[in-house]
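One structure is given here, and the rest of the page talks about it.
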Amino acid sequence: MLKLQIVIAAILLIWLIVIVGNIKKKKIDLRYALAWIALIFVGLILDAFPGILGALADLLGIEIPSNMIFMAAIILLLVMVYSLTATVSRLSDRVKKLTQELAILRDDTFEQDKEK
Amino acid sequence: MKKLVIIPCYNERESIVNTVKDIKEHAPEFDYIVVNDCSTDDTLEICKKAGIHTLKLPVNLGIGGAVQAGYVYGVRHGYDVAVQFDGDGQHSAKYLEDMVSALEKEGADMVIGSRFINKEGFQSSGLRRIGIKHFNVLIKILTGKRITDPTSGMRMINRSTMEFFSKEYPKDYPEPESVVRLLSLKKKVIELPVQMNERQGGVSSISAMKSVYYMIKVTVAMLIARLRG
Ligand SMILES: Nc1nc2c(ncn2[C@@H]2O[C@H](COP(=O)(O)OP(=O)(O)O)[C@@H](O)[C@H]2O)c(=O)[nH]1
Ligand SMILES: [Mg+2]
């Protein structure tokens, strides 16, 4: 049991280091990384105190604690992917606007040059 | 009155020059702008050589974003009327003045050039017509109005609709959806009979594969447009 806990903690810590490194290198935006960092800390806490999981599962009437982890993980992933869909939609709107502006700006300057 | 023809253009090397010529000959009162959406063939070079006024989108936006670029251009340059016009030779410029008259006389917000009022000229392929029938019925249910040719790409709008579309316009397959949107806002949409031609070369952007997706997407978009009210 302790062995598994140490392995999980090590994986989570390596992941945290990778994320922080990526933020430092500006590979990812802190705004979007925050959710992942929070997730890692929750994981570390549950890993250190496995009793919390059992108690929570009891509370919700879920018989096997691991099922609760699966359920929580799936819900969390759905939320995260959905928020990515929202982000992509917003980005594509912005790209559209910028593209249109750029094309019109280019045309306006070109037409002005022609008149000179 | 300043009038603008907006010609969305994606890979129309065989027909774009004639389309512009048609407008210059049969609708000389109109200015025009071709919106080249990163054509992958030599459409852009052909336009340059022929001295055709072209907006060059630096990335491909699809038909909705391209036409909307034209509307933004029209608003900025003080146009009173804008008309969308296919670059593939399917539309005839000789109808444009009649559309302006109808727009003004009826006080309409949009005039659609319809193939299906007099049922003359190119009537689109059989499968396409089934899809159009479906949109006819859906629009009737959603808005109570009868629009015979909701997918027509020949559509004239007044200044206030231009301002509205320059702010919000569907990205892909915009025609039926934006008609529902206008009708839901109690805008006046009328139709004028026109004859259309078959495409003069090139390929349609709506292939058989895409048409199923097209039908589903547009149907959902129309329902949502109605819900927005
Ligand atoms: N700007 C732009 N124009 C497009 C795009 N796809 C199609 N078009 C243009 O929109 C017009 C109508 O498209 P078309 O494929 O003929 O549709 P159809 O007439 O309904 O079969 C033509 O002038 C095309 O060149 C696109 O992705 N971007
Ligand atoms: Mg066409």
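If the condition is being more than 25 Å from B:Leu142 (Cα to Cα) and more than 9 Å from ligand 1 (Cβ to nearest atom), then segment B:185-206 contributes B:Val194, B:Gln195, B:Asn197, B:Glu198, B:Gln200, B:Gly201.
Contact map, segment A:12-26: residues that are over 11 Å from A:Trp36 (Cα atoms) paired with residues that are in a helix (DSSP H, G or I) and open to solvent by less than 100 Å² (accessible area, probe 1.4 Å), Cβ distance under 6 Å, separation 6+ or inter-chain. Pairs shown: A:Ile23/A:Leu30; A:Ile23/A:Ala33. Tell me, please, whether a residue that is farther than 21 Å from B:Leu103 by Cα and away from chain A (no Cβ under 14 Å) can be found in segment B:163-176. For segment B:163-176, residues farther than 21 Å from B:Leu103 by Cα and away from chain A (no Cβ under 14 Å): present. May I ask you to verify whether B:Thr219 is away from ligand 2 (no atom under 16 Å from the Cβ), open to solvent by less than 50 Å² (accessible area, probe 1.4 Å), touching a residue at least 40 places away in the same chain (Cβ under 8 Å) and assigned to a helix (DSSP H, G or I)? Considered against the rule, which asks whether it is away from ligand 2 (no atom under 16 Å from the Cβ), open to solvent by less than 50 Å² (accessible area, probe 1.4 Å), touching a residue at least 40 places away in the same chain (Cβ under 8 Å) and assigned to a helix (DSSP H, G or I), B:Thr219 comes out as yes.
To keep it simple, each residue is scored yes or no on (1) farther than 22 Å from B:Lys145 by Cβ; (2) away from ligand 2 (no atom under 16 Å from the Cβ); (3) of a type in the set (Asp, Glu); (4) without any contact (Cβ under 8 Å) to a residue 24 or more places away in the chain.
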site	(1), (2), (3), (4)
B:Gly87	yes, no, no, no
B:Ser92	yes, no, no, no
B:Met99	no, yes, no, no
B:Ala102	no, yes, no, no
B:Lys105	no, yes, no, yes
B:Phe116	no, no, no, no
B:Gly121	yes, no, no, no
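In segment B:77-122, how many are of a type in the set (Phe, Trp, Tyr), touching a strand residue (DSSP E or B) at 6+ places or on another chain (Cβ under 8 Å) and within 13 Å of ligand 1 (Cβ to nearest atom)? Steps first, answer last, please.
So the first thing to find is which residues in segment B:77-122 are of a type in the set (Phe, Trp, Tyr), and the list is B:79, B:85, B:95, B:116, B:122.
Filter once more, keeping what is touching a strand residue (DSSP E or B) at 6+ places or on another chain (Cβ under 8 Å): B:79, B:85, B:95.
Of the ones still in play, those that are also within 13 Å of ligand 1 (Cβ to nearest atom) are B:85.
Residues flagged as of a type in the set (Phe, Trp, Tyr), touching a strand residue (DSSP E or B) at 6+ places or on another chain (Cβ under 8 Å) and within 13 Å of ligand 1 (Cβ to nearest atom) within segment B:77-122 amount to 1.
Restricting attention to segment B:129-147, the residues that are within 16 Å of ligand 2 (Cβ to nearest atom) and without any contact (Cβ under 8 Å) to a residue 12 or more places away in the chain total 1.
Just one residue in the set B:Asn18, B:Asn11 is of a type outside the set (Val, Ile, Thr), modelled with pLDDT of 95 or more and at positive phi; that residue is B:Asn11. Residues that are over 19 Å from B:Tyr71 (Cα atoms), among the polar types (S, T, N, Q) and within 14 Å of another protein chain (Cβ to nearest Cβ) do occur in segment A:80-89. All of B:Asp80, B:Asp37 fail the test of being more than 16 Å from ligand 2 (Cβ to nearest atom), modelled with pLDDT of 95 or more and among the acidic types (Asp, Glu), apart from B:Asp80.
Filter segment B:207-229 for residues that are more than 18 Å from B:Leu138 (Cα to Cα) and hydrophobic (A, V, I, L, M, F, W, C) and give the result.
Step one: list which residues in segment B:207-229 are more than 18 Å from B:Leu138 (Cα to Cα), which gives B:207-210.
Once the filter is applied, which keeps residues that are more than 18 Å from B:Leu138 (Cα to Cα) and hydrophobic (A, V, I, L, M, F, W, C), segment B:207-229 yields B:Ala208, B:Met209.
Just checking, does segment B:59-75 include any residue being without any contact (Cβ under 8 Å) to a residue 12 or more places away in the chain, within 15 Å of ligand 1 (Cβ to nearest atom) and not polar (S, T, N, Q)? Scanning segment B:59-75 turns up no residue that is without any contact (Cβ under 8 Å) to a residue 12 or more places away in the chain, within 15 Å of ligand 1 (Cβ to nearest atom) and not polar (S, T, N, Q).
The values are calculated or read from the model by the stated rules, or taken from the named source; none is laboratory data. What you see is a predicted model; the values in this text were computed from it and never measured. Glycine gets a Cβ as well: all are built from the backbone with ideal geometry, and neighbour counts include every protein chain shown. The protein model used for the area step is the full one, side chains on, heavy atoms only, and it has no ligands, DNA or RNA in it. Shrake-Rupley method; radii C 1.70, N 1.55, O 1.52, S 1.80 Å.
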